[in-house]
Amino acid sequence: MIVNDTANQFRNTTPIDTFQGIQAAPYPSNITVAGPPLNVHRVRVTLYDFYHSAPDNLKVLLVNPQGRKYILMGDAGGPVAITQNGHVTLTFTDLAGQVLPDSTALTRGKFEPTNWQTTINDFPAPAPAGPYVQPGSTVGGTIAQTLFGTFGQLDANGVWSLYIRDDNGGNAPQVINGGVQGGWGLELLPATAAGVEISGRVLTPDGRGLRNATVSMVDSQGVVRTATTSSFGYYSFDGIEAGSSIVMSVESRRYRFAPRIIQVIDTLTDVDFQGQE
């Protein structure tokens, strides 16, 4: 079992069982939060010791105390079975840099919330009716598609509810086909600072640091900031507003660089650019 290294984790260790074609039990599984950080900035959700005969059939919905509704997982992992003895632990975080696979086996790790079905709005009562926030299946996504965009900077005190259902055809409530054996955890983290930092490296096509390149950053108000890379190609910007969207680009006399749109959730330390001839 994996436990993330934070003092602000809330847990429900009761196992969750899934059944073909119907909702899991318990439904929902609840966590009561009391005394989280005053300024919740990042939200992480972990499913401990997950297994299922066909993960592609599962949908997972998270609802906060204010009733905001967010799809954590849907139609991921294809028909590739995860055995009970070969269970995996899945952590959902906006900063994972990868999404769950569509049709290959799920593995233990950190992932951005992922749904491969275009729209999921069909959880039975007592789950709240849709529409739900859909994270999609693209790494990064928009702010509105993130955990931060849905739950960040809100009062986290109260009951958080996790709803899991299987949508595979005919009902078979007597047969357990999967589950979350270790229950689930909710981590609520404060912002690292009032303003966050973006840093990285500018590289030549063969991976060497490029000195004296100009890195530009344009925020949503059109304000431009620039930085010049060090002798080994490093740059950094600080005092960036968390929750903002910025455009970054690099100018060099010799190489071309593709601009990037960055959704700033928290401090980022690996925003690298590699040149093209």
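The values are calculated or read from the model by the stated rules, or taken from the named source; none is laboratory data. Nothing here was measured: the structure is a model prediction, and the numbers come from that model. Counting neighbours? That spans all protein chains shown, and the Cβs are built from the backbone with ideal geometry, glycine included.
Summary of computed values
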item: Answer from A191, A172, A213 - the residue that is more than 26 Å from the chain's Cα centre (by Cα), modelled with pLDDT under 90, surrounded by 14 or more Cβ atoms within 10 Å (Cβ to Cβ) and not β-branched (V, I, T); result: A172
item: Residue check for R208: of a type outside the set (D, E), touching a residue at least 24 places away in the same chain (Cβ under 8 Å), more than 20 Å from R44 (Cα to Cα) and out of contact with any strand residue (DSSP E or B) (no Cβ under 8 Å at 6 or more places or on another chain); result: yes
item: Odd one out for T119 among (1) more than 22 Å from D49 (Cβ to Cβ); (2) touching a residue at least 24 places away in the same chain (Cβ under 8 Å); result: (2)
item: Residue within the range 98-113 that is of a type in the set (G, A, S) and within 22 Å of T13 (Cβ to Cβ) present; result: yes
item: Conditions (1) closer than 19 Å to G182 by Cβ; (2) part of a loop (DSSP other than H, G, I, E, B); number of the one not met by I164; result: (2)
item: Residue identified as assigned by TED's automatic domain parsing to the domain that holds G158, within 25 Å of I262 (Cα to Cα) and modelled with pLDDT of 90 or more among T89, T118, T146; result: T146
item: Single residue of G185, G136, G152, G179 found to be touching a His at 6+ places or on another chain (Cβ under 7 Å) and either surrounded by 20 or more Cβ atoms within 10 Å (Cβ to Cβ) or closer than 21 Å to V99 by Cβ (or both); result: G152
item: Selected residue [assigned to a strand (DSSP E or B), outside the structural domain of E112 (by TED's automatic domain parsing), in contact with a strand residue (DSSP E or B) (Cβ under 7 Å, 6 or more places away or on another chain) and surrounded by fewer than 18 Cβ atoms within 10 Å (Cβ to Cβ)] from R201, R225; result: R225
